[in-house]
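A quick write-up on the structure given underneath.
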Amino acid sequence: MPTIRVMHKKPSQPPVETTIDGTLESLQKLVDGSIEGIGVPGRNWYIYCNDNGKSQNPVEPNFLLTNSKNQPVDVVAGTVVFVGLPDSEGEETSLTDEMCADIRRWLKGRDWTHLNEETQQIVLRFLTGFL
């Protein structure tokens with residue numbers, strides 16, 4: 001299997017570019033467990049997170065997911081991996097320079113560490129039923 005360029009992001013840290021072999025095992029290793037996929041409408045990349053990220057103790061919020069009005073709808077916890085959308089055979093694809101730049105822009109304003117404490121508390125209260 002060829003290697004692919006991905007970005008992984010740990011809570012409280014900026015995203016880091018790396019290459020992996022693209023197997024399920026390599027994705028699971030980066031997120032420290034079983035993976036869950038998150039699609040972002042209008043983007044040509046995809047997010048994998050640890051499907052137990054919110055149940056870990058302590059929960060480590062990473063960034064917000066927002067709706068089309070930029071309102072918070074969920075918090076992604078734990079380490080994530082950004083990959084290119086799957087190809088025609090269903091295999092993840094490498095991120096391009098443009099995709100990496102888009103991910104960094106997309107994270108601005110969503111990264112948990114860039115939210116003020118009041119916003120963090122409001123979001124956590126709103127999402128308490130999900131955490």
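So the values come out like this:
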{"item": "Acute angle (nearest 10 degrees) that the helix 117-126 long axis makes with the longest principal axis of the chain, alpha-carbon atoms", "result": "90"}
{"item": "Residue (of 65, 4, 39) at the positive-pole extreme of the chain, dipole from beta-carbon charges", "result": "65"}
{"item": "Lys pairs, the range 4-130 - Cα-Cα below 23 angstrom, 8 or more residues apart or on other chains", "result": "9"}
{"item": "Label-to-label distance, nm, for residues given as residue 88 and residue 18 (7 Å Cα→Cβ offset)", "result": "3.2"}
{"item": "Charge sum, other residues only, whose C-beta stays under 15 Å from residue 99's C-beta, Lys/Arg counted +1 and Asp/Glu -1", "result": "-1"}
{"item": "Over the chain, volume per residue of the alpha carbon convex hull, in Å³", "result": "107"}
{"item": "Of 108, 54, 69, the one that fluctuates the most in a GNM where the chain has Cα springs shorter than 10 Å", "result": "69"}
{"item": "The chain - charge dipole about Cα centre, Lys and Arg +1 at Cβ, Asp and Glu -1, debye rounded to 20", "result": "540"}
{"item": "Additional length obtainable on full extension of the chain from residue 28 to residue 70, 0.36 nm per residue less Cα span", "result": "12.2 nm"}
{"item": "Neighbour net charge for residue 29 - beta-carbon separation under 14 angstrom, K R +1, D E -1", "result": "-2"}
{"item": "Relative contact order (percent, whole number), the range 4-130, Cα cutoff 8 Å, 6+ residue spacing", "result": "26"}
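Readers should treat all values here as calculations from the given coordinates under stated rules, not as data from a laboratory. All of these numbers come straight from a predicted model, not from anything done at the bench. In this analysis, Cβ positions are derived from the backbone assuming ideal geometry, glycine residues included, and neighbour counts consider all displayed protein chains.
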